[in-house]
Every structure is written in C-alpha cells, then in structure tokens.
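Asks: Just dropping this structure here.
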Amino acid sequence: MKLIEKVKKLFNKNNKEMSPSAYFNEVKNKKNVVTDTSLDEYYNNCLRLITKYESTGQKKALEKLIHLTSCVEKERIVIKSGVDTFVYRDDVFEYIEDVANDVVKIIEMENYSRDIPDDVIEKYNQTKGLFDKFYVLFTDYTGNSERKVQAEKREKDPILFGVFVEKINGNNYLNDRMYVIGDWEDEYCDLTLEKMVNEYKDSKGKDIGNEIKIPDDLEGLINKIASKENG
C-alpha cells in the first residue's frame, strides 16, 4: 500500500469522515472484468506457485492455491452466464468500518431482511447453482442514530455478490473475487421489515400479500428452514 493511501486510511479511521456514497463509489470504481484469457493466465500462475510451494512444504499456501485453481472452471461457467464483473474482497472490506455513522453492512443473502427487485432475483436464480454463497452490501438506516443521516446523503444502492467457498482439510477458503450479480435502488433503506410491509402497497400500488402464495404446509416450511440452518 502506498504511503498516501496509508495516510488516507488512517485519517478516515480517526475521523470517520467517509460518507456511504463515497464508500460505494470507491467499491464501484474498483470493479474488474474477467475473461477466459485472463483466467488462463491466472490459472497458469497458480500452477507455477503450486510447484514452488510444494517444494517448500507451505501447506496453507498450497491449500489456498488448490482452492483458487478449482474455482477457475467455475468462473468460466459464470462468465458464460453473463456475470463477468467482480470486486476484490479487500476492496469491499478496506474502508467499510470507516464510513460515517457505521451504516454500511455486509451480510449473507439469507439474512438480508429487505426487498430485492424481481430483475435481480432473476439474475440470482440464474446463478444460484454456480456460486457457493451470496452476500449483500447495503446501508442500514433503521437504528436511532442512523436515521439522523440526512435523506440527501443516504446511499440507496445495495449490491448482491456471489462468491466461491470451499473446505479443504477442515479449513474454509473464501475466494478473493466477489462477483457482482446486481445492484438496485432501495426505497426502504430506513425502514424495518415490518414497516416496509406497511409501506410497500403505497409505494408500489400493490400489496405484497397478493403476489405471494401462502404455503399449504406452513409447519413444513418452518421445518425446512430449520433443517437448512442445521445443515
């Protein structure tokens, strides 16, 4: 890291001056596009390093490289599906704790409690068999202090990422590349889920309850969710 970047990071950490909008712009500006050609070069570099670390007995590095090489074929399939843009994990997390009011958060998709637009869900359905885990990067203004952030300063563009996760010899490895599935404008960034349900009809002109069929076996659905959590 260059000296000026270290000073900037230290300044932000001490003064909490990075706005959510500045943070999201920073992340979006660091998007990368992957191609089959770049994957070939990446794969060959991994093989060279595997040979080197095998000779030195660096087990952890070898496991990481094995994970990265196993991801390459998955990434080729992802590219064919139309998803070819990623952000490095370090770029997502580098300034996340430096954002004013601590409103930027990243969680697993299954724990995200707000609405996701149909077009993003469609992209998710097309890729959910390709990625091991999905994360949402978003701003949360539902807390008392967070609600004090002025409306014009609020960042309302969540981003859905797909990532590869693999367990090797009992160790979990998360790929450094977080693929962008989609982003959208969140009209409910300052509402809890309960309040969102009340507001949804007024905003969209339709009721959530009219779009979703209530499961015939509600108890079965609850058991299914519980089994996923335990699995």
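The values are calculated or read from the model by the stated rules, or taken from the named source; none is laboratory data. Quick caveat: nothing in here was measured; it's all calculated off a predicted structure. Note: ideal-geometry Cβ built from the backbone for every residue, glycine included; neighbour counts use all protein chains shown. Heavy atoms of the whole protein, side chains included, go into the accessibility calculation; ligands, DNA and RNA do not. Shrake-Rupley method; radii C 1.70, N 1.55, O 1.52, S 1.80 Å.
Asks: Those residues that are at pLDDT 85 or above and either within 12 Å of the chain's Cα centre (by Cα) or among the polar types (S, T, N, Q) (or both), I need them from region 149-168; list them, please.
Replies: P158, I159, L160, F161, G162, V163, F164
Asks: Do any residues in region 41-52 that are farther than 14 Å from K64 by Cα have Cβ atoms under 8 Å from those of residues that are at pLDDT below 90 and surrounded by fewer than 16 Cβ atoms within 10 Å (Cβ to Cβ), where the two are at least six apart or on different chains, and which pairs are they?
Replies: none
Asks: Do you know which residues across region 23-43 are farther than 15 Å from V180 by Cβ and open to solvent by less than 50 Å² (accessible area, probe 1.4 Å)?
Replies: Y23, S38, L39
Asks: Would you be able to say whether some residue in region 108-131 is in a strand (DSSP E or B) and either more than 12 Å from the chain's Cα centre (by Cα) or closer than 20 Å to E75 by Cα (or both)?
Replies: Within region 108-131 (the criterion being in a strand (DSSP E or B) and either more than 12 Å from the chain's Cα centre (by Cα) or closer than 20 Å to E75 by Cα (or both)), the answer is no, since none of the residues qualifies.
Asks: Let me ask something else. What's the number of the only condition in (1) within 23 Å of N29 (Cα to Cα); (2) part of a helix (DSSP H, G or I); (3) open to solvent by 20 Å² or more (accessible area, probe 1.4 Å); (4) touching a Ser or Thr at 6+ places or on another chain (Cβ under 9 Å) that V78 fails to meet?
Replies: Result: V78 fails condition (3) only.
Asks: Since I50 meets every condition but one in (1) open to solvent by 20 Å² or more (accessible area, probe 1.4 Å); (2) hydrophobic (A, V, I, L, M, F, W, C); (3) within 18 Å of Y179 (Cβ to Cβ); (4) touching a Leu at 6+ places or on another chain (Cβ under 6 Å), which condition does it not meet?
Replies: (3)
Asks: With respect to V99, determine if the residue is surrounded by 16 or more Cβ atoms within 10 Å (Cβ to Cβ) and touching an Asp or Glu at 6+ places or on another chain (Cβ under 7 Å).
Replies: When the stated conditions are applied, V99 does not pass them.
Asks: Right, here's the next one. Would you confirm whether any residue within region 84-94 is over 16 Å from K31 (Cβ atoms) and either free of Cβ contacts under 8 Å to residues at least 60 places away in the same chain or surrounded by 15 or more Cβ atoms within 10 Å (Cβ to Cβ) (or both)?
Replies: Within region 84-94 (the criterion being over 16 Å from K31 (Cβ atoms) and either free of Cβ contacts under 8 Å to residues at least 60 places away in the same chain or surrounded by 15 or more Cβ atoms within 10 Å (Cβ to Cβ) (or both)), the answer is no, since none of the residues qualifies.
Asks: Within region 95-117, can you find the residues that are without any contact (Cβ under 8 Å) to a residue 40 or more places away in the chain, touching a Ser or Thr at 6+ places or on another chain (Cβ under 8 Å) and of a type in the set (V, I, T)?
Replies: None; the set is empty.
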